[in-house]
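Engineer: Below is one structure. I have some questions about it.
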Amino acid sequence: MKQLWLAPLVIVALTAVGGAGAQTPSPQRPATPPANAEAGRKLFVSNGCYQCHGYEAQGSSATGPRLGPRPIPLTAFGRYVRQPTGQMPPYTAKVLSDADMASIYAFVQARPTPPPVQSIPLLR
């Protein structure tokens, strides 16, 4: 009979432990759709990126650097797009969402590697 006082404590402890996992889940951020290179191509053109970097992100010494096919890491790419240090205008999140930037990055990353100079007859 001396152990009957433990029963209410055990019930309270089990309820507390069980209740901790039954909390209302916090709202999650909506999942970002996977980056799409074809959508990125359209965004690259519609946002004017091609004007300085060329339609294939090949760049030009006169207008803007080559971006692909092996771009800088996505975090550095995003940081530069948001706060450029050169003549490029900033593309804030109001202008270009993170998901759209990821799609543009996927497009730049998907650019094929150019052929070696030796394989181009006019450049020999």
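Engineer: Could I have the simple spin-label model distance between residue 80 and residue 47, label points 7 Å from Cα toward Cβ, reported in nm to one decimal?
Structural biologist: Placing both labels 7 Å along Cα→Cβ, they lie 1.4 nm apart.
Engineer: Using only Cα atoms, figure out Rg for the range 37-115 and give it as a multiple of 2.2 N^0.38 Å.
Structural biologist: Details: Rg = 11.4 Å, N = 79, 2.2 N^0.38 = 11.6 Å.
It is 0.99.
Engineer: Once the other residues with Cβ under 14 Å from the Cβ of residue 65 are scored (Lys, Arg +1; Asp, Glu -1), what is the net sum? It would help to have the intermediate numbers written out before the result.
Structural biologist: Values: positive: 66, 70, 111; negative: 56.
Taking every other residue near residue 65 into account, the sum is +2.
Engineer: OK, next. How would you order 59-66, 117-124 from highest to lowest mean count of nearby Cβ atoms within 10 Å?
Structural biologist: Numbers: 59-66: 12.5, 117-124: 7.6.
Answer by packing, highest mean first, reads 59-66, 117-124.
Engineer: Now for a separate question. Give me the one-decimal nm value for the distance between modelled label points at residue 87 and residue 37, 7 Å along each residue's Cα-to-Cβ direction.
Structural biologist: The modelled label-to-label distance comes out at 3.0 nm.
Laboratory data are not the source of any read-out in this text; all were calculated from the coordinates shown. Keep in mind that this is a model prediction, so the values were computed, not measured. No Cβ is skipped: glycine too gets one built from the backbone with ideal geometry, and neighbour counts run over all protein chains shown.
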